[in-house]
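The values are calculated or read from the model by the stated rules, or taken from the named source; none is laboratory data. As the structure is a computational prediction, the values presented were derived from the model and not from experiment. Here the Cβ positions follow ideal geometry from the backbone for every residue, glycine too, while neighbour counts run over all protein chains shown.
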Amino acid sequence: MLTSRFSHRRHRWKRAPVRDPWQRMRLSMTIVLLVVAIGTTGYWLIGLSAFDALYQTVITITTIGFGEVGSAAEITTGYRAFTLVLAIVGTGAVLYTLVLFVDGLIEGSLNEELRRRRMVREIEDLEGHVIIAGWGRMGHAIAHSVGRAGLEIVVVDRDPSDDVSHHAVVVGEATDDRVLREAGVDRAGTLIAALTSDADNLFLTLSARRMRPDLFIVTRTSDQKNEPKFFQAGANRVVNPHEIGGSRMAALALQPHVSEFLDEVLHDESHDVSVQELHVAEGSGIVGEALSVVTGLPGEHSQIIAIRKEPGRYHSNPAPDTVLMQGDVVIALGSAEQLQDLARKLC
């Protein structure tokens, strides 16, 4: 049968919003301060000095009960009635605040552990996902493109920003084997090393390749002379963003229409045309058949623009009598319907 690198589940995991355990605590503290202000004002209006009014309020709502403040003439029925109301309302507010404080401490410490365990369980259910190591500007751009393909993403970063909340996240050093295992490296389809330094990316590549000999690894480098080292470490592809950016700008200057067409094909979802790679796997019914058997008449099906038969060798615009063999990679251009039709014929 024929398989595609991007034939994975289109379900994307999202973290549920986490309730702030201290929101009620802040509200209860506001209530207590309001009760203190009202109690102090009330005793001051009854006749106590400002300090005595505050003191009487505090010992009342905290149930300390040292005794009533003021002269015998000031301790009237109204004084005691106000104290009674304040004791009931104020004590309730203080006790509620203490309960929320303890609850907040427990919940705040447990929430992080619960979120981490829930994340681990969600990642354990993933298979063939993409691990993006590094959540900087490069990681954002990678996640955007990978997400458009419908692939699950697990981000690994030691200090991820808040805008990563819609992806599964593992907080930690990507160069740590334990962190990679937590990100599901043993079940991942691709690892993208997008850390800031070449040294970290090189170490990450070595670690991941040792853990998963069959993992597809794409790594970032900021210095082209380091590219051979990454290949020796086990990277399948090495990307220099500065070189790609320079080549892209030069292409726009020299061949703007070609560049715009490729942008529409590769990146613009508003156009119903795309490029897809399909892998001829062992047992496929097209092994040994000519390309013309599956392509049909021109214009009715997707266009086969290249076939990769040997590592690093692409045969562009292949002839109709080209024989398809196991391990070939077919690169086709067409609409979604045309590509689906081609995939059905190749299975």
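Which of the residues spanning segment 212-249 are free of Cβ contacts under 8 Å to residues at least 12 places away in the same chain and under 22 Å from residue 137 (Cβ atoms)?
Answer for segment 212-249, where residues must be free of Cβ contacts under 8 Å to residues at least 12 places away in the same chain and under 22 Å from residue 137 (Cβ atoms): 244, 245, 246, 247, 248, 249.
Just name the residue that is modelled with the lowest pLDDT out of those in segment 77-115 that are more than 30 Å from residue 54 (Cα to Cα) and surrounded by 13 or more Cβ atoms within 10 Å (Cβ to Cβ).
Taking the candidates together, the pick is 108.
Each row is one residue, and each column tells you yes or no for (1) part of a loop (DSSP other than H, G, I, E, B); (2) touching a Gly at 6+ places or on another chain (Cβ under 9 Å); (3) of a type in the set (Val, Ile, Thr).
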| position | (1), (2), (3) |
| --- | --- |
| 191 | no, no, no |
| 203 | no, no, no |
| 207 | no, no, no |
| 210 | no, yes, no |
| 214 | yes, no, no |
| 218 | no, no, yes |
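Does residue 48 meet the test of being surrounded by fewer than 15 Cβ atoms within 10 Å (Cβ to Cβ) and either modelled with pLDDT of 80 or more or of a type outside the set (S, T, N, Q) (or both)?
Against the criterion (surrounded by fewer than 15 Cβ atoms within 10 Å (Cβ to Cβ) and either modelled with pLDDT of 80 or more or of a type outside the set (S, T, N, Q) (or both)), residue 48 does not qualify.
Quick one: residue 172 ticks every box in (1) more than 18 Å from residue 244 (Cβ to Cβ); (2) in contact (Cβ under 8 Å) with a residue 24 or more places away in the chain; (3) small (Gly, Ala, Ser) except a single one, so which number is it?
(2)
Take residue 147 and decide whether it is in contact (Cβ under 8 Å) with a residue 60 or more places away in the chain and not in a loop (DSSP other than H, G, I, E, B).
In short, yes.
Name every residue in segment 223-271 that is at pLDDT below 90 and among the polar types (S, T, N, Q), in order of residue number.
224, 247, 255, 259, 270
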